[in-house]
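Engineer: What follows is a structure written as structure tokens; I'll ask about it next.
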Amino acid sequence: MGRRKKYKVGDRIFFEYYDGTVGTKTVIDIKPKSYVDDNGRTINYDMLITWKSGNCSSGTEGYNTLPYSDPRVKALMKELKKQDECADKIREFVNANTDIYSIETIAAALGQVAIEYGYEWDL
């Protein structure tokens, strides 16, 4: 197995879905894990947690991520650049308004606006 990137919380990871499409998520936690391979060797890896709710979580094994040099990842990163720029502007807005509104009020307002534009997510 080749050398893998050492991810940090907040890093964007890329992975391949079963149908061959490339997905991406943000690492919110990292749990060191290990397994014993067919030759009896202990293999250490990082479980990159990308979703948590209560006692439930899901993620991707660090060894299952796609490298940033993969052409499919490069193409997706190019598409996501605009999303990242937009997120930066929203962060600036949130930071500038947390003395006026609670973070919960801001999050609920963003959710309301998203619904008005036809996009719904669970807050």
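The values are calculated or read from the model by the stated rules, or taken from the named source; none is laboratory data. Source: prediction; values computed, not measured. Methodologically, a virtual Cβ is constructed for each residue, glycine included, from the backbone with ideal geometry; neighbour enumeration extends over all protein chains shown.
Engineer: Looking only at residues that are among the aliphatic types (A, V, I, L, M) and within 21 Å of Trp51 (Cβ to Cβ) in region 95-114, which one is surrounded by the most Cβ atoms within 10 Å (Cβ to Cβ)? Quick ask: steps written out before the conclusion?
Structural biologist: Going residue by residue through region 95-114, those that are among the aliphatic types (A, V, I, L, M) are 96, 100, 103, 106-110, 113-114.
Filter once more, keeping what is within 21 Å of Trp51 (Cβ to Cβ): 103, 107-108, 110, 114.
Working: Ile103: 10, Ala107: 13, Ala108: 13, Leu110: 15, Ala114: 13.
Here the residue is Leu110.
Engineer: Among the residues in region 4-12, are any of a type in the set (Asp, Glu), at pLDDT below 90 and within 30 Å of Ile106 (Cα to Cα)? Let's see the steps before the verdict.
Structural biologist: To start, the set of residues in region 4-12 that are of a type in the set (Asp, Glu) comprises 11.
In the following step, the residues that additionally are at pLDDT below 90 were identified as none.
No, because not a single residue in region 4-12 is of a type in the set (Asp, Glu), at pLDDT below 90 and within 30 Å of Ile106 (Cα to Cα).
Engineer: Can you spot a residue in region 91-101 that is among the aliphatic types (A, V, I, L, M), more than 30 Å from Ser34 (Cβ to Cβ) and either assigned by TED's automatic domain parsing to the domain that holds Lys31 or part of a helix (DSSP H, G or I) (or both)? Break it down stepwise before answering.
Structural biologist: Of all residues in region 91-101, those among the aliphatic types (A, V, I, L, M) come to 94, 96, 100.
Right, trim to more than 30 Å from Ser34 (Cβ to Cβ) and you get 94, 96, 100.
Of the ones still in play, those that are also either assigned by TED's automatic domain parsing to the domain that holds Lys31 or part of a helix (DSSP H, G or I) (or both) are 94, 96.
Within region 91-101, one or more residues are among the aliphatic types (A, V, I, L, M), more than 30 Å from Ser34 (Cβ to Cβ) and either assigned by TED's automatic domain parsing to the domain that holds Lys31 or part of a helix (DSSP H, G or I) (or both).
Engineer: Between Thr42, Thr24, Thr50, which is in contact with a helix residue (DSSP H, G or I) (Cβ under 7 Å, 6 or more places away or on another chain) and among the polar types (S, T, N, Q)?
Structural biologist: Result of the check over Thr42, Thr24, Thr50: Thr24.
Engineer: Any residue in region 96-112 that is among the aliphatic types (A, V, I, L, M) sitting within a Cβ distance under 6 Å of a residue that is assigned to a helix (DSSP H, G or I)? List the pairs, counting only those 6 or more apart or interchain.
Structural biologist: Hits for this filter: Ile106/Val94.
Engineer: Out of curiosity, is Tyr18 in contact with a helix residue (DSSP H, G or I) (Cβ under 6 Å, 6 or more places away or on another chain), over 22 Å from Lys78 (Cα atoms) and not small (Gly, Ala, Ser)? Write out each step before concluding.
Structural biologist: Working: in contact with a helix residue (DSSP H, G or I) (Cβ under 6 Å, 6 or more places away or on another chain): no; over 22 Å from Lys78 (Cα atoms): yes; not small (Gly, Ala, Ser): yes.
The answer is no for Tyr18.
Engineer: Another question, then. Under 7 Å between Cβ atoms, at least 6 apart or on separate chains: pull out the pairs that start in region 57-70 with a residue that is farther than 17 Å from Thr21 by Cβ and end on any residue that is surrounded by fewer than 12 Cβ atoms within 10 Å (Cβ to Cβ).
Structural biologist: Partner pairs satisfying both residue conditions: Tyr63/Met1.
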